[in-house]
């Protein structure tokens, strides 16, 4: 079992471009013409998997950037490890996003509208990090600007202008999108940063030693 998980920790992201392409083809052929709103909900999945392809494969390097940048670590592999990244991404991106598409198919697109807000918020974080960290590229930035943010905003605009969601559903979708994004930030800054300080590889620890 450990060998299986270790293999997954190393290779889970390598299937993202193929998964994104195959999923896009399927929803283009079988969903777009039948239910455009549902198509937009499903489209959040391949769009985000493309985003992860940039983060982890081509050019990759998101873990080292996030550890040594926002988390303030002196190490590229901690406190956010490959295992940690796996358990953050799989439940949210490979379970909840597709599940929202399935629920939207059977029970209405209200169930998946939150994904548009989440995609927009998560991608916008890459833009914010671009400005915070010296206007330098961070893995995921290109997909965020060219795909995730435009798609998220367009989906929100389409639903609102076509009166596909009530005010209550819209507010709830915003809240769920914020919670999904905030959960990742809380894990990073409320758990991982204190962990790196406790274990002595946070940049502030070096400053204290030098002082």
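Derivation of every value follows stated rules applied to the coordinates shown; laboratory data play no part. Everything quoted here is computed from the prediction, not taken from an experiment. Here the Cβ is made from the backbone with ideal geometry for all residues, glycine too, and neighbour counts use every protein chain on show.
If you go through region 1-21 and keep only what is more than 19 Å from residue 56 (Cα to Cα) and either in a helix (DSSP H, G or I) or in contact (Cβ under 8 Å) with a residue 12 or more places away in the chain (or both), you end up with 2, 3, 4.
All of (1) surrounded by 13 or more Cβ atoms within 10 Å (Cβ to Cβ); (2) in contact with a helix residue (DSSP H, G or I) (Cβ under 8 Å, 6 or more places away or on another chain); (3) at negative phi hold for residue 10 with one exception: (1).
The single condition from (1) within 17 Å of the chain's Cα centre (by Cα); (2) within 30 Å of residue 200 (Cβ to Cβ); (3) in a helix (DSSP H, G or I) that residue 60 fails is (3). Take residue 127 and tell me if it is in contact (Cβ under 8 Å) with a residue 12 or more places away in the chain, surrounded by 19 or more Cβ atoms within 10 Å (Cβ to Cβ) and in contact with a helix residue (DSSP H, G or I) (Cβ under 9 Å, 6 or more places away or on another chain). No: the conditions fail for residue 127. As for region 166-173, it holds no residue that is touching a residue at least 24 places away in the same chain (Cβ under 8 Å) and within 16 Å of the chain's Cα centre (by Cα).
In region 144-165, the qualifying residues are those that are in contact (Cβ under 8 Å) with a residue 40 or more places away in the chain and not in a helix (DSSP H, G or I), and the one that is surrounded by the most Cβ atoms within 10 Å (Cβ to Cβ) is 165. Among the residues of region 79-113, those that are farther than 21 Å from residue 153 by Cα, surrounded by 19 or more Cβ atoms within 10 Å (Cβ to Cβ) and more than 12 Å from the chain's Cα centre (by Cα) comprise 79, 80. Picking from residues in region 114-124 that are more than 13 Å from residue 42 (Cα to Cα) and in contact (Cβ under 8 Å) with a residue 40 or more places away in the chain, the one that is surrounded by the fewest Cβ atoms within 10 Å (Cβ to Cβ) is 121.
Please work out if residue 40 is assigned to a helix (DSSP H, G or I), surrounded by 13 or more Cβ atoms within 10 Å (Cβ to Cβ) and over 16 Å from the mean Cα position of the chain (by Cα). Yes, satisfied.
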